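The values are calculated or read from the model by the stated rules, or taken from the named source; none is laboratory data. Bear in mind the structure is a predicted one, so any value in this text is a computation, not a measurement. We place every Cβ from the backbone using ideal geometry, glycine too, and count neighbours over all the protein chains shown.
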Amino acid sequence: MSKDSKPKHPDTRLTTAGRDPEANFGIINPPVYHASTVTFPTVAALHDAEKHRFDRVYYGRYGTPTTFAFEEAVADLEGAAHCVAVPSGLAAIAISLSALLHGGEHALITDNAYFPTAKFANTFLKKFGVTVSYYDPMAPAADIQALIRPETKVVFTEAPGSMTFEVQDIPMIADIAHEAGAKVIMDNTWSAGHFFKPFAHGVDVSIQAATKYLVGHSDAMLGAITTNDEDIYNHIKITQVGLGYATGPDDCYLGLRGMRSLAPRLERHQATGLKLAEWLAARPEIATVLHPALPNCPGHDIWKRDFSGASGLFSIVLKDNYGPGDRARMLDGMELFAMGWSWGGYESLIIPSDPRTMRTTYTWPYNQPVLRLHAGLEDSDDLIEDLRAGLKRLSG
């Protein structure tokens, strides 16, 4: 394959993007460059590097060849011209919102967003004079249009929501935002950029907690911000560097390593997640299963239209006759499902979370919190047996 040709299949791109063996003595994987100081042989070279500091090696905080290799791979995955690697998913959220908003402006944020998104918006953004309001993720177009203000500059979306899994109509929201002169930021972590292509659906900035599926092994903190807009890219890069966010080269290396196996891992996560979701949906202890691939999940038809697959993350709601002690008895005895606040790794996870304390635009329709599950790479039948035993403990 020539250097100028690009393979068309996404799985092939995942194994080739961000690699340049000829530039690294034939070594397949880009090496880890640890660097702070970068030296230059002449004054002219020093000033030239400063002029082009966003796209070449200039100083460690701006990135190294390891950083650039990861950014190239993520941009290719999501169909973007630019990517900025940052130290975490929350850093991606904070930098994107800070770069696109100024005092006196307004941000409209989906009410099912990752909780730290709302916390950042309600504290840091408001502290600097940005007004924030929220919208029901399943609101019709007219309701969202009514929330747009003359000073609205950002509409922040997340599909599906990472706790309650509503799938928003991103193209519809993008049309409304763009007509009003606002930009659309989307948290695309659930699809890992593999099952949803944000820029084909009107998104201006896509963010991921690369900590999750891109790294895939629960051993690195990493975030990514992608865009096709060069002006937005420059604002994001200036904000990242100005705030002192430096992304570790080891973490970028681990992100690249994880991306090489992303396609087959997601196939396994998807298959296991669907098997568990369908099994749980038939259990008498379960009130509902919130999985975008199941017909009862809000936004299922939108998911079928816009997504090419499902990851391994979904939630269940227990029936009303179970209390906190019952849930603790179930969860405390799990053998394969660990309790932890991340997801996207090879291990299965389960956590309780209460949407009743988080929603501001609509009432959570259940009297129970959710149990969020991440289907890992273990054998699906073993995971079902772990859940079966847990549900038995639930009932005493």
* To do: Say whether the condition of being in a loop (DSSP other than H, G, I, E, B), modelled with pLDDT under 95 and outside the structural domain of residue 295 (by TED's automatic domain parsing) is met by at least one residue in the stretch 196-217.
  => no
* **Boolean, residue 73 is more than 19 Å from residue 154 (Cβ to Cβ), crowded, with 20+ Cβ neighbours inside 10 Å and under 18 Å from the mean Cα position of the chain (by Cα)** => yes
* Do the conditions hold for residue 94, that is, is it more than 24 Å from residue 307 (Cα to Cα), at pLDDT 95 or above and surrounded by 15 or more Cβ atoms within 10 Å (Cβ to Cβ)? -> yes
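So which of 108, 77, 97, 90 is assigned to a helix (DSSP H, G or I), over 20 Å from residue 246 (Cα atoms) and in the same structural domain as residue 31 (by TED's automatic domain parsing)? It would help to see each step written out before you state the result.
Values: 108 fails: assigned to a helix (DSSP H, G or I); 97 fails: over 20 Å from residue 246 (Cα atoms); 90 fails: over 20 Å from residue 246 (Cα atoms).
Testing whether each residue is assigned to a helix (DSSP H, G or I), over 20 Å from residue 246 (Cα atoms) and in the same structural domain as residue 31 (by TED's automatic domain parsing) leaves just 77.
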* Structure fact -> Given the conditions (1) part of a helix (DSSP H, G or I); (2) in contact (Cβ under 8 Å) with a residue 40 or more places away in the chain, every one holds for residue 301 apart from (2)
* Asked: Given the conditions (1) surrounded by 22 or more Cβ atoms within 10 Å (Cβ to Cβ); (2) closer than 30 Å to residue 288 by Cα; (3) touching a residue at least 40 places away in the same chain (Cβ under 8 Å), and given that residue 173 satisfies all but one, which numbered condition is not satisfied?
  -> (3)
* Going by the structure shown, is residue 30 under 19 Å from the mean Cα position of the chain (by Cα), modelled with pLDDT under 95 and surrounded by 13 or more Cβ atoms within 10 Å (Cβ to Cβ)? -> no
* All positions within the stretch 221-240 that are more than 23 Å from residue 31 (Cα to Cα), surrounded by 14 or more Cβ atoms within 10 Å (Cβ to Cβ) and of a type in the set (A, V, I, L, M, F, W, C) -> 232, 236
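Does residue 334 qualify as being modelled with pLDDT of 95 or more and either assigned to a loop (DSSP other than H, G, I, E, B) or surrounded by fewer than 19 Cβ atoms within 10 Å (Cβ to Cβ) (or both)?
Numbers: modelled with pLDDT of 95 or more: yes; either assigned to a loop (DSSP other than H, G, I, E, B) or surrounded by fewer than 19 Cβ atoms within 10 Å (Cβ to Cβ) (or both): yes.
When the stated conditions are applied, residue 334 passes them.
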